[in-house]
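Here's the structure we're looking at; comments come further down.
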Amino acid sequence: MEPIRIAILSLTHGHTRKYYQTLLDNKNFEWVAVSAENETVRENFISLNNSIPCYSSEEEMFEKHPEIEAVVMASANNRHLEQFIMCAERGIHILCMKIPTFNMEEYEEMIALVEDSGIVCQVELELHYNPVVRRLKELYRQGAIGELSSFNATNITLSPVWAFPWQGNPEKSYGERVPLKEGDNRFRGGCLSDHPHVFDLIRWFTKSEFETVYAEVGPNLRKDLEVEDTMIVNGKMKDGTIFLFDPSWSRMEERLSIPGPGWEIHPKRMEVNISMRGDEGAIMADCFGPNVYHNGAPNDRYTVQYTYFDEWIGMMDEFVDCIRNGNEPKINLRWHKKTIDVMNACYDSISTSSPVEL
């Protein structure tokens, strides 16, 4: 099979670096070029990957490399629509970061662009390819816990804002400045907008949709952020399953401008834990459990080196299959839209201090 000629746009998403080695190692891809959002991002990239051409704009990159077939859209959430338009006009396939947009009119426009142009659009939710999650789903499907009654999950991390400032900017993260609620000086676009995964996973496991949701925010751990960094969400699925989610930025961090070992102050920079309870038992899983801990650079503090399976391998293999064999991604725009709907409902619940029915 001929390798897919691929590029990366903007380089400002927290997951960007995880694609570097994947694109170099995966023989199904030929990494052609990147575009950088600004000169600082460009210099940082060149210092790590000086063999890949790096351009200051998407337009220049596409003009110089008409052979590009696909892109990883690693940009701020508010830039996605304009980049969707550029790609659809050129017939370029898209692997989009986890929040295409919170604006439902923009979302419908993205769907129309993809369907009218015939390109593939896959949304990056890498936990579908995590081996612990896949094993958990397999056990559930085999009836290990009987009929599911509750699904509790954490997706708690450090804050990416210091390395990726747009994630703390309401206009760039949420798309506009919307106060969390009356009397609160914070805005939508913080930890919730970074963590759609648990909302997606319960839909994937139960094959059901959200019925009601109730959310609350706590006081910020980081007082200088103008977006939320802690939240709790509960509610009920249409099949009767109740859920409790914690999508907070509740792991503290060193404020490094470039992410790397030593970023975490707490020994783990993230935890995705899932607890499923049924009428015949329970399963609990730590999706990123196997780690190596050491005292290390840059600040001689307790540091974690993750040793888990690289979910990006399976995710990128699916992207290749969809492009070359005409298949639809599991996490396509129409599927993912209901996840964004419930995340908006969480913000509405915070605003009104009331449950929201979907």
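The values are calculated or read from the model by the stated rules, or taken from the named source; none is laboratory data. In this text, all values refer to a predicted model and were calculated from it rather than measured experimentally. Cβ sites come from the backbone with ideal geometry, for glycine too, and all protein chains shown count toward neighbours.
I want to confirm something. Restricting to region 83-108 and keeping residues that are of a type in the set (A, V, I, L, M, F, W, C) and farther than 26 Å from GLU63 by Cβ, which single residue is surrounded by the fewest Cβ atoms within 10 Å (Cβ to Cβ)?
Per the criteria, the residue is MET104.
With respect to the numbered conditions (1) out of contact with any Ser or Thr (no Cβ under 9 Å at 6 or more places or on another chain); (2) touching a residue at least 40 places away in the same chain (Cβ under 8 Å); (3) not β-branched (Val, Ile, Thr), which one is the sole condition not fulfilled by LYS27?
Condition (2) is where LYS27 drops out.
Quick grid of which residues meet (1) of a type outside the set (Phe, Trp, Tyr); (2) surrounded by 22 or more Cβ atoms within 10 Å (Cβ to Cβ); (3) modelled with pLDDT under 95:
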{"residue": "VAL123", "(1), (2), (3)": "yes, yes, no"}
{"residue": "VAL132", "(1), (2), (3)": "yes, no, yes"}
{"residue": "TYR140", "(1), (2), (3)": "no, no, no"}
{"residue": "ALA153", "(1), (2), (3)": "yes, yes, no"}
{"residue": "SER159", "(1), (2), (3)": "yes, yes, no"}
{"residue": "ASN169", "(1), (2), (3)": "yes, no, no"}
{"residue": "VAL178", "(1), (2), (3)": "yes, no, no"}
{"residue": "ASN185", "(1), (2), (3)": "yes, no, no"}
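Kindly list, by first and then second residue, each pair from a residue in region 110-129 that is free of Cβ contacts under 8 Å to residues at least 40 places away in the same chain to a residue that is assigned to a helix (DSSP H, G or I) and not basic (Lys, Arg), limited to pairs with Cβ atoms under 7 Å and residues at least 6 apart or on different chains.
LEU113/PHE84; LEU113/ILE85; LEU113/ALA88; SER117/ALA88; ILE119/CYS87; ILE119/ALA88
Of everything in region 190-210 that's surrounded by fewer than 17 Cβ atoms within 10 Å (Cβ to Cβ) and charged (D, E, K, R), which residue is nearest to LEU358 (Cα to Cα)?
Within region 190-210, the match that is nearest to LEU358 (Cα to Cα) is GLU209.
Please pick out the residue among SER257, SER159, SER208, SER248 that is over 29 Å from LEU136 (Cα atoms) and either in contact (Cβ under 8 Å) with a residue 40 or more places away in the chain or not aromatic (Phe, Trp, Tyr) (or both).
Every option except SER257 fails the conditions.
Only helices (runs of 4 or more DSSP H) wholly contained in region 124-215 count here; list those with 1 or more residues that are closer than 16 Å to LYS330 by Cβ and not assigned by TED's automatic domain parsing to the domain that holds HIS13.
Helices (runs of 4 or more DSSP H) meeting the threshold: 131-141, 197-206.
Please name all residue pairs, on different chains or six or more residues apart, with Cβ atoms under 8 Å, provided the first residue is in region 1-16 and is on the phi > 0 side of the Ramachandran plot and the second residue is among the hydrophobic types (A, V, I, L, M, F, W, C) and in a loop (DSSP other than H, G, I, E, B).
Short answer, once both residue conditions are applied: SER10/ALA74; SER10/ALA76; LEU11/ALA74.
GLY235 passes all but one of (1) crowded, with 19+ Cβ neighbours inside 10 Å; (2) under 19 Å from the mean Cα position of the chain (by Cα); (3) of a type outside the set (A, V, I, L, M, F, W, C); (4) over 23 Å from ARG17 (Cα atoms); which number fails?
Unmet for GLY235, out of (1) crowded, with 19+ Cβ neighbours inside 10 Å; (2) under 19 Å from the mean Cα position of the chain (by Cα); (3) of a type outside the set (A, V, I, L, M, F, W, C); (4) over 23 Å from ARG17 (Cα atoms): (2).
Can VAL41 be described as more than 16 Å from the chain's Cα centre (by Cα), among the aliphatic types (A, V, I, L, M) and more than 27 Å from ARG177 (Cα to Cα)?
Taking the combined requirement at face value, the residue does not satisfy it.
Tally the residues that are out of contact with any Ser or Thr (no Cβ under 8 Å at 6 or more places or on another chain), farther than 30 Å from SER354 by Cα and of a type outside the set (Asp, Glu), restricting the search to region 230-266.
Result for region 230-266: 9.
Among the listed residues THR22, THR12, which satisfies the condition of being under 22 Å from ILE323 (Cβ atoms) and within 20 Å of the chain's Cα centre (by Cα)?
Exactly one residue qualifies, and that residue is THR22.
Report the residue count in region 249-290 for those that are of a type in the set (D, E, K, R), part of a loop (DSSP other than H, G, I, E, B) and more than 27 Å from SER149 (Cα to Cα). Before you say what the answer is, go through the steps one by one.
Filtering region 249-290 for residues of a type in the set (D, E, K, R) gives 251, 253-255, 264, 268-269, 271, 277, 279-280, 286.
Okay, now just the ones that are also part of a loop (DSSP other than H, G, I, E, B), so 251, 254-255, 268-269, 279-280.
Retained after the next criterion (residues that are more than 27 Å from SER149 (Cα to Cα)): 251, 254-255, 268-269.
Going through region 249-290 one residue at a time, the tally reaches 5.
Could you please find all residues in region 32-62 being of a type in the set (Gly, Ala, Ser) and out of contact with any helix residue (DSSP H, G or I) (no Cβ under 6 Å at 6 or more places or on another chain)?
If the condition is that a residue be of a type in the set (Gly, Ala, Ser) and out of contact with any helix residue (DSSP H, G or I) (no Cβ under 6 Å at 6 or more places or on another chain), then SER47, SER51, SER56, SER57 are the ones that fit.
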